[in-house]
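The values are calculated or read from the model by the stated rules, or taken from the named source; none is laboratory data. Being a predicted model, the structure only gives us computed values, none of them experimental. Positions of Cβ are backbone-derived with ideal geometry, glycine not excepted, and every protein chain shown enters the neighbour counts. Protein only, heavy atoms only, side chains kept; ligands, DNA and RNA dropped before computing areas. Shrake-Rupley method; radii C 1.70, N 1.55, O 1.52, S 1.80 Å.
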Amino acid sequence: MSQQVAERELTMSRAMVEAIKQEMEANEEVFLMGEDIADYGGIFSSTTGLLDEFGRDRVMDVPISETAFIGAAVGAAQAGMRPIAELMFVDFFGVAMDQIYNQMAKNTYMSGGAVSVPMVLMTAVGGTYSDAAQHSQTLYGTFAHLPGMKVVVPSTAYDAKGLMHSAIRDDDPVVYMFHKRLMGLGWMPAPAGPKNDVPEDPYTIPFGQADIKREGADATVVTLGLHVHRTLEAAGELEDEGIDAEIVDLRTLVPLDTKTIVDSVKKTGRLIVVDEDYRSFGVTGEVIARVAEHALDDLEEVRRLAIPDVPIPYARPLETHVNPSVEQIADAVRDTQ
């Protein structure tokens with residue numbers, strides 16, 4: 001992956017905020033709205049400091065009515081502005097699904113191209129901290145399944161900033177899904193990997209361009225979000241055993257970089273897909289299907305790890321049990337050798 005020369009390390013939350021700040025400075029049509037994003041700075045520090053910089057006209061706390069403020073963002077986008085609306089937890093999408101899927105995602109098509117909807121729906125995903133079934137889902141597959149929206153899932157600070165610049169500048173609606181565990185919060189420690197070098201100047205990362213986070217020859221592991229880092233840890237264990245795993249970080253689900261996945265499988269012959277979304281009808285099945293369509297003769301072994309089709313448990317041991325672990329990932333790779 002080619003990167004600009006960086007001068008400092010940032011957490012993922014700081015990288016996201018920096019990208020938003022730079023876009024707001026460059027374009028007065030960019031503004032933020034959401035629950036607890038102004039005075040509080042976002043409960044996962046996704047907007048910290050922006051109120052002081054831009055004031056309440058451009059950083060707006062809203063009532064607890066997701067249908068209302070996401071609908072307002074859709075209207076503002078159609079009128080020529082570039083809103084960023086934060087849905088505090090992705091689990092809350094249900095109360096605003098008409099605005100998301102029937103308005104945000106479809107209005108360009110329903111208008112025959114007369115309007116565009118250049119907005120970002122930013123939302124927190126993921127569990128691993130005992131917040132139970134209504135606050136711990138990822139739901140990547142739900143949004144990727146519904147056409148009309150681009151879907152972005154960063155795993156590092158560098159990717160988070162570049163993908164946020166791309167999302168805000170895009171003329172189509174973008175769902176930007178950040179994992180709480182990767183944000184670098186004091187009360188929810190992140191793995192070591194998400195905090196990395198980030199250039200100060202703005203830069204973009206093209207959608208539909210996966211990143212090979214680790215090159216290898218013996219197995220392809222396709223993943224995203226938190227599990228990029230769990231997979232990297234598993235790859236370190238496997239390396240000691242003489243197993244060389246290649247790790248593909250999808251970064252975006254819509255568009256999906258099928259070519260990078262297929263090229264990797266053609267090299268290794270083995271595919272393991274790891275995801276924090278539900279197993280059935282989800283990302284794991286889609287990735288495997290694409291490889292089967294394009295490189296079936298090269299595919300010798302396949303495994304998938306995902307959340308079983310159960311609500312996310314509250315009890316920490318049960319939540320840990322259903323969420324793919326480093327050791328489970330390593331075992332899945334071992335099974336393919």
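Odds and ends about this structure:
- Between Ser280, Ser264, the distinction of being open to solvent by less than 60 Å² (accessible area, probe 1.4 Å), touching a residue at least 12 places away in the same chain (Cβ under 8 Å) and assigned to a loop (DSSP other than H, G, I, E, B) belongs to Ser280 only.
- Flag if Val273 is open to solvent by less than 50 Å² (accessible area, probe 1.4 Å) and hydrophobic (A, V, I, L, M, F, W, C): yes
- Looking across the stretch 25-76 at every residue that is of a type in the set (Asp, Glu) and under 22 Å from the mean Cα position of the chain (by Cα), the one that is surrounded by the most Cβ atoms within 10 Å (Cβ to Cβ) is identified as Glu66.
- Qualifying residue in the stretch 164-183 (condition: closer than 28 Å to Gly242 by Cβ and either in a strand (DSSP E or B) or at pLDDT below 95 (or both)): no
- Yes/no for Tyr101 being hydroxyl-bearing (Ser, Thr, Tyr), in a helix (DSSP H, G or I) and either surrounded by 16 or more Cβ atoms within 10 Å (Cβ to Cβ) or under 20 Å from the mean Cα position of the chain (by Cα) (or both): yes
- Pairs are defined by a Cβ separation below 9 Å, a sequence spacing of at least 6 or placement on different chains, a first member in the stretch 299-322 that is over 17 Å from Gln134 (Cβ atoms), and a second member that is open to solvent by 40 Å² or more (accessible area, probe 1.4 Å) and in a strand (DSSP E or B); the pairs so defined are Leu299/Arg270; Glu300/Arg270; Glu301/Arg270; Val302/Arg270; Arg303/Arg270; Ala306/Tyr278; Pro308/Tyr278.
- The residues in the stretch 225-261 that are part of a helix (DSSP H, G or I), aliphatic (A, V, I, L, M) and open to solvent by less than 10 Å² (accessible area, probe 1.4 Å) can be counted, and the count is 6.
- Any hit, the stretch 10-22, residues being open to solvent by 60 Å² or more (accessible area, probe 1.4 Å), out of contact with any His (no Cβ under 8 Å at 6 or more places or on another chain) and either modelled with pLDDT under 95 or closer than 17 Å to Val175 by Cβ (or both): no
- Check on Phe143, assigned to a helix (DSSP H, G or I) and open to solvent by 30 Å² or more (accessible area, probe 1.4 Å): no
- Selection of the stretch 195-214 for residues being over 22 Å from Thr284 (Cβ atoms) and not in a strand (DSSP E or B) yields Lys195, Val198, Pro199, Glu200, Asp201, Pro202, Tyr203, Thr204, Ile205, Pro206.
- Residues of the stretch 323-332 that turn out to be under 18 Å from Arg279 (Cα atoms), touching a residue at least 24 places away in the same chain (Cβ under 8 Å) and of a type outside the set (Gly, Ala, Ser), as a count: 4
Here is a yes/no grid of residues against (1) open to solvent by less than 60 Å² (accessible area, probe 1.4 Å); (2) outside any helix (DSSP H, G or I); (3) in contact with a Ser or Thr (Cβ under 9 Å, 6 or more places away or on another chain); (4) modelled with pLDDT of 95 or more:
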{"position": "Ala292", "(1), (2), (3), (4)": "yes, no, no, yes"}
{"position": "Ala295", "(1), (2), (3), (4)": "yes, no, no, yes"}
{"position": "Arg303", "(1), (2), (3), (4)": "no, yes, yes, yes"}
{"position": "Ala306", "(1), (2), (3), (4)": "yes, yes, yes, yes"}
{"position": "Leu318", "(1), (2), (3), (4)": "no, no, no, yes"}
{"position": "Gln328", "(1), (2), (3), (4)": "no, no, no, yes"}
{"position": "Ala332", "(1), (2), (3), (4)": "yes, no, no, yes"}
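- Flag for Ser45 being in contact with a strand residue (DSSP E or B) (Cβ under 9 Å, 6 or more places away or on another chain) and assigned to a loop (DSSP other than H, G, I, E, B): yes
- Close pairs (8 angstrom Cβ cut-off, 6 or more residues apart or separate chains): of a type in the set (Lys, Arg) in the stretch 141-157, in a strand (DSSP E or B) anywhere: Lys150/Val174; Lys150/Val175; Lys150/Thr252; Lys150/Val254
- Here Gly127 passes the criteria (1) over 13 Å from Pro206 (Cα atoms); (2) open to solvent by less than 10 Å² (accessible area, probe 1.4 Å); (3) not in a loop (DSSP other than H, G, I, E, B) except the one numbered (3).
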